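The values are calculated or read from the model by the stated rules, or taken from the named source; none is laboratory data. Only a predicted model underlies this, so the values are computations on that prediction, with no experimental measurement involved. Counting neighbours? That spans all protein chains shown, and the Cβs are built from the backbone with ideal geometry, glycine included.
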Amino acid sequence: MALKLDETLLAKFVNPDELDSMQAAVRASFGKIKDRSGAGSDFLGWFDLPENYDKEEFARIKKAAQKIQKTCDILIVIGIGGSYLGARAAIEFCKSPLYNSLKKDTPDIYYAGNNISSQAVEELLSICEGKDVCLNVISKSGTTTEPAVAFRIFRDMLIRKYGPDCIRDRVFITTDARKGALKNYADSVGCETFVVPDNCGGRYSVLTAVGLLPIAVAGISIDEMMEGARAARLCYSSCELAENDALKYAAYRNILRCKGKKVEILVDYEPAFTMVNEWWKQLYGESEGKDSKGLFPASVVCTTDLHSMGQYMQEGERIIFETILNLKDCGSVVSVPNDEENIDGLNFLTGKSLSYINSKAFKGAALAHADGNVPVMVVDVDTRSAYDFGWLVYFFELACGVSGYLLGVNPFNQPGVEAYKKNMFALLGKPGYEEAQAALEARLR
Ligand code: PA5
């Protein structure tokens, strides 16, 4: 098993009867996923994706990745939310948060279109000077403002650099299979397209072409990743809480929520997990935060954040619980050198590996927080392999669907994301929004 739930530190907060009392509701929630009878059931493509994916497209992804690796120094992944977070999480998890600075024979990968920062674009344009560049534009709708604007800018850059005919070879588009602005554009210029499946929402799409193309470009085995997800699917097929850690995780979150723990903090001790945190926050925040319900998903990377958020976690308002992702094998052997003068008094650590020290920090902080009345769950993660990443994705996706149904929401829609867009379009004077524009401007005066 690549992931293992360790409930030891929860014993003080949740008794076994409370968990048992969730069995019927959990069975019903998982049943809704299995028989596709719950709200949002049109978006359950992720559930059997590890088995049931487009093998022809999968082969094309690998080919396109090789072509991109040969053609460019830089791949820019243009997308927002579910359209880039999974790929970035995978690349930083399996390779490094410093991926671009590593010695490697794969292109640097940068991300654009996930904000509207002029400075961020300017900086990336300047990084691209003198480099060969390809784009992977990822947008289901093809009209999301942030990636659409970024695509205009980086497409202009490509045309200035290589001339208009370069688009066919340097732009790879991941979008709807049949319709939409990007699909039409891709067909008209003849660039290669990949599909955002109709039955997978953005935040559940990392194991589709959305995530797999950039991941493959980074030189990560997408075969192994799918294999890990497939193994997880098999492992988490039982409806029995005692046999299924993903269901248990969903049940514990809901028990803790009912006890007034409104904030779940995903905690990890490796910077390589930082973007996994971001991916997880979107997955759970967008899936559960609706109808005035839902845990607020937060995250910290330790020990860094023990020196910023540690005080609150230890002694602040007791509305939080922690889910710690504990990497079992970091595969690195750096150790502390001796210092003859022992100026920092740390010679008792001489020869100890950093991973050993990190593991003591994790255990010490987890015990301290539990003593400070913070429920703590631990999810052990074996390694940072592609296989384990695929497994982790499936674990959290399944738990999220079940957890959302336990909460009584549709875990597969995101109606609230539209509100800011309407106001932004109105304030920008988009045709058709005149009335809203006047009303908003009056409020801002
Ligand atoms: O999870 C989601 O559905 C969102 O985060 C979308 O992925 C995001 O808004 C981007 O949408 P699109 O792919 O249509 O550009």
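Quick look at the values:
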item: Some residue of the stretch 424-434 being among the basic types (Lys, Arg), in a loop (DSSP other than H, G, I, E, B) and exposed (fewer than 11 other Cβ atoms within 10 Å of the Cβ); result: no
item: Pair list, Cβ under 7 Å, 6 or more apart: the stretch 144-168 residue of a type outside the set (S, T, N, Q), other residue away from the ligand (no atom under 14 Å from the Cβ) and assigned to a loop (DSSP other than H, G, I, E, B); result: Ile167/Cys191; Arg168/Gly190; Arg168/Cys191
item: In the stretch 31-55, the residues that are within 22 Å of the chain's Cα centre (by Cα) and closer than 18 Å to Lys248 by Cβ; result: Ile33
item: Residue list for the stretch 93-112, filter: farther than 15 Å from Leu213 by Cβ and within 16 Å of the ligand (Cβ to nearest atom); result: Ala112
item: Some residue of the stretch 114-128 being in contact with a Gly (Cβ under 8 Å, 6 or more places away or on another chain) and either on the phi < 0 side of the Ramachandran plot or buried (at least 20 other Cβ atoms within 10 Å of the Cβ) (or both); result: yes
item: The listed residue being aromatic (Phe, Trp, Tyr), modelled with pLDDT of 95 or more and over 17 Å from the mean Cα position of the chain (by Cα), out of Tyr185, Tyr204; result: Tyr185
item: Close pairs from the stretch 45-66: first closer than 20 Å to Asp105 by Cα, partner of a type in the set (A, V, I, L, M) and surrounded by 19 or more Cβ atoms within 10 Å (Cβ to Cβ), Cβ under 6 Å, at least 6 apart; result: Ile61/Ala209; Ile61/Leu212; Ile61/Leu213; Ile61/Ala216; Lys62/Ala216; Ala65/Ala216; Ala65/Val217
item: Subset of the stretch 179-210 [within 11 Å of the ligand (Cβ to nearest atom) and over 20 Å from Gln414 (Cα atoms)]; result: Ala181, Leu182
item: Sole exception among (1) in contact with a helix residue (DSSP H, G or I) (Cβ under 8 Å, 6 or more places away or on another chain); (2) away from the ligand (no atom under 16 Å from the Cβ); (3) in a loop (DSSP other than H, G, I, E, B) for Gly351, by number; result: (1)
item: Restricting the stretch 127-144 to residues that are modelled with pLDDT of 95 or more and near the ligand (Cβ under 9 Å from one of its atoms), the residue that is farthest from Gly211 (Cα to Cα); result: Ser139
item: Qualifying residues in the stretch 149-166 (those that are of a type in the set (A, V, I, L, M) and crowded, with 19+ Cβ neighbours inside 10 Å) - the one nearest to the ligand (Cβ to nearest atom); result: Ala150
item: In the stretch 14-32, the residues that are within 16 Å of Asp245 (Cβ to Cβ) and of a type in the set (A, V, I, L, M); result: Val14, Leu19, Met22, Val26
item: Evaluation of Leu75 against (1) crowded, with 17+ Cβ neighbours inside 10 Å; (2) out of contact with any Cys (no Cβ under 6 Å at 6 or more places or on another chain); (3) closer than 29 Å to Asp108 by Cα (one fails), failing number; result: (2)
item: Test result for Gly31, more than 30 Å from Ala366 (Cα to Cα), surrounded by 18 or more Cβ atoms within 10 Å (Cβ to Cβ) and touching a residue at least 24 places away in the same chain (Cβ under 8 Å); result: no
item: Gly404 over 30 Å from Arg230 (Cβ atoms), modelled with pLDDT of 95 or more and not hydroxyl-bearing (Ser, Thr, Tyr); result: no
